[in-house]
Amino acid sequence: MIDVVVIGAGIGGLALAQGLRRRGVHVTVYERDAHRDDRVDRYRLAINPAGSRSLRACLPDRQWQTFLDTAGRPGGGFGFLRPDLREMVVVEDAIMYPETPDPAERSYPVDRHTLRGILLDGIGADLHYGKTFERYEVGADGRPTAHFTDGTAATGDVLVGADGINSLLRAQYLPAATRRAAGATGVGLKLPLDAGTRAWLPARLGQGMNLVLPAAPLFLFTSVFERQEPAGDDYLLCAFVARDDQFPVRPETLDGTRLKAHLAGLAAGWHPALRRLIDECPPHDVSAFPFHAADRPAAWAPSRVTVLGDAVHGMPPAGGNGANTALRDAALLTQRLDRAARGELPLLDAIGGYEAEMRRYGFEAVDLAMKTLRQGLAGNPVAGRAWFRLCAMATPLRRMTFGGSWAKVSARRTWEPVAVSASPRP
Ligand SMILES: Cc1cc2nc3c(=O)[nH]c(=O)nc-3n(C[C@H](O)[C@H](O)[C@H](O)COP(=O)(O)OP(=O)(O)OC[C@H]3O[C@@H](n4cnc5c(N)ncnc54)[C@H](O)[C@@H]3O)c2cc1C
């Protein structure tokens, strides 16, 4: 039997806790937030096939079914638009991800708050809120102990840092694993989607995902979240992303009203519907996130302390891979720790195998996010526009240009289960 201590009840830490519990491995999670609703996290996440496959592997059947039931309506494709809203090309969903009858191999728009509720379901007393991790030490018996700012401590056989992009656990354990500013900042906005907004919102913006690409180092990403059940509470998630020099210093300190005023200046001359969209997003749902990317660390020797998710491979949200990669870590670490708990693998081999594979796909995802960000900020050059026009005319060109990037990063890896997944209900 092994006892696992997880720091951080975010997407990755909770998925790991679900996976371990499902396999009978004892796990306790410590989270700095005082309670579940401490953070405003009502925004949409794109879960790709790697994320779905990992959730299927970690979640009990009932929670997996809740995930399928509460995911947003899929479809709508990915549009590349000019700021006058002329469509350059719309990429069909079937090009982004291959079609499959297996629900665990599909992509889903999900509401982050809803997903977190599913991941919390059943963890109960094994999750301790109001516990801010400060440091750890390793005892004479080799077991790590996490110390919290309130003076309490928790000891386990394995300590996992799932404490996000500013991870204190990573800073202590892997001081050479640095991260750098990605040179861009995103401002998140949310427009409620109801009959009123749908009446003026151009049809393309009310579907799927879109990227508005002006001739400047900035872009606007939009994505519809429409609930299947219960109906209602639909919204359009927007992220206005720009090179840092397009923003005032420390934009994350500005309130929603001032951020919106700044975005309105950047979008002057854009289609009136895009300016109205910025204008009508409620200021309390507007905030700025400076982007960071983890530097690829040299391999380290495994120990009873390890890291997952943004704590080790933080990346800009361009391309939507951070949560998906954290979920993949959770599924892989679950699999390896389960084998160690059953005596099939020595504990340090289990952790070392996880880390070697996680470094491979995790830093591929960081590289892809940085590439996607750079492409978005490239300012929509004339050559790019001509290529988009060609792609719009020819399906094989669309498949060649856009098919690879989405599907490749989420393609099944050898250790990931094949079609485990038929949904419990028909
Ligand atoms: C606007 C936006 C949109 C995004 N969209 C997508 C998307 O579409 N698809 C996608 O895959 N990714 C997306 N991401 C990225 C994704 O949200 C992150 O990559 C993901 O949440 C990482 O999960 P995690 O578990 O590693 O960290 P987190 O979810 O950040 O969780 C870390 C947890 O640790 C806790 N914690 C931190 N420090 C301590 C401490 N000292 N002690 C105790 N607890 C601590 C935090 O409170 C938090 O609960 C988006 C991000 C943003 C900002």
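The values are calculated or read from the model by the stated rules, or taken from the named source; none is laboratory data. Only a predicted model underlies this, so the values are computations on that prediction, with no experimental measurement involved. FYI the Cβ positions are ideal-geometry reconstructions off the backbone, even for glycines, and counts take in every protein chain you see. Note: accessible area is taken over every heavy atom of the protein model, side chains too, but ligands, DNA and RNA are not part of it. Shrake-Rupley method; radii C 1.70, N 1.55, O 1.52, S 1.80 Å.
Please go through the stretch 261-281 and pick out each residue that is over 20 Å from residue 86 (Cα atoms) and either in a loop (DSSP other than H, G, I, E, B) or more than 16 Å from the ligand (Cβ to nearest atom) (or both).
261, 262, 265, 279, 280, 281
All but one of (1) within 16 Å of the ligand (Cβ to nearest atom); (2) part of a helix (DSSP H, G or I); (3) closer than 30 Å to residue 147 by Cα; (4) open to solvent by 30 Å² or more (accessible area, probe 1.4 Å) hold for residue 284, so report the exception by its number.
Only one criterion in (1) within 16 Å of the ligand (Cβ to nearest atom); (2) part of a helix (DSSP H, G or I); (3) closer than 30 Å to residue 147 by Cα; (4) open to solvent by 30 Å² or more (accessible area, probe 1.4 Å) is unmet by residue 284, namely (3).
Only residues in the stretch 141-153 that are without any contact (Cβ under 8 Å) to a residue 40 or more places away in the chain and within 14 Å of the ligand (Cβ to nearest atom) count as the first member; pair them with residues that are among the hydroxyl-bearing types (Ser, Thr, Tyr) and in a loop (DSSP other than H, G, I, E, B), Cβ under 8 angstrom, at least 6 apart or cross-chain, and list the lot.
Pairs that qualify, where the first residue is without any contact (Cβ under 8 Å) to a residue 40 or more places away in the chain and within 14 Å of the ligand (Cβ to nearest atom) and the partner is among the hydroxyl-bearing types (Ser, Thr, Tyr) and in a loop (DSSP other than H, G, I, E, B), are 149/132; 150/132.
Any chance the stretch 81-104 includes a residue that's polar (S, T, N, Q) and at pLDDT 95 or above?
There is no residue in the stretch 81-104 that is polar (S, T, N, Q) and at pLDDT 95 or above.
On the given criteria, is residue 11 within 15 Å of residue 120 (Cβ to Cβ) and either more than 18 Å from the chain's Cα centre (by Cα) or within 11 Å of the ligand (Cβ to nearest atom) (or both)?
Here the answer is yes, as residue 11 does meet what is asked.
Scan the stretch 118-141 residue by residue and report those that are open to solvent by less than 30 Å² (accessible area, probe 1.4 Å) and in contact with an Asp or Glu (Cβ under 9 Å, 6 or more places away or on another chain).
Passing the criteria: 127, 133.
With (1) away from the ligand (no atom under 11 Å from the Cβ); (2) open to solvent by less than 20 Å² (accessible area, probe 1.4 Å); (3) among the hydroxyl-bearing types (Ser, Thr, Tyr) as the list, and residue 114 as the residue in question, which single condition is left unmet?
Residue 114 satisfies every listed condition except (2).
Of the conditions (1) in a helix (DSSP H, G or I); (2) more than 16 Å from the ligand (Cβ to nearest atom); (3) of a type in the set (Asp, Glu); (4) in contact (Cβ under 8 Å) with a residue 60 or more places away in the chain, residue 252 satisfies every one except a single condition; which number is it?
With respect to (1) in a helix (DSSP H, G or I); (2) more than 16 Å from the ligand (Cβ to nearest atom); (3) of a type in the set (Asp, Glu); (4) in contact (Cβ under 8 Å) with a residue 60 or more places away in the chain, residue 252 is out only on (2).
Identify all residues within the stretch 169-219 that are of a type in the set (Ser, Thr, Tyr) and more than 16 Å from the ligand (Cβ to nearest atom); write none if there are none.
Scanning the stretch 169-219 gives 178, 197.
Of all residues in the stretch 149-173, which are open to solvent by 30 Å² or more (accessible area, probe 1.4 Å) and outside any loop (DSSP other than H, G, I, E, B)?
Once the filter is applied, which keeps residues that are open to solvent by 30 Å² or more (accessible area, probe 1.4 Å) and outside any loop (DSSP other than H, G, I, E, B), the stretch 149-173 yields 153, 155, 168, 171, 172, 173.
Among the strands (runs of 3 or more DSSP E) contained in the stretch 20-101, which hold 2 or more residues that are within 14 Å of the ligand (Cβ to nearest atom)?
Of the strands (runs of 3 or more DSSP E) lying wholly inside the stretch 20-101, those with at least 2 residues that are within 14 Å of the ligand (Cβ to nearest atom) span 26-30, 44-47.
Taking the stretch 295-330 only, how many residues are away from the ligand (no atom under 11 Å from the Cβ) and either in a loop (DSSP other than H, G, I, E, B) or open to solvent by 10 Å² or more (accessible area, probe 1.4 Å) (or both)?
Counting residues in the stretch 295-330 that are away from the ligand (no atom under 11 Å from the Cβ) and either in a loop (DSSP other than H, G, I, E, B) or open to solvent by 10 Å² or more (accessible area, probe 1.4 Å) (or both) gives 10.
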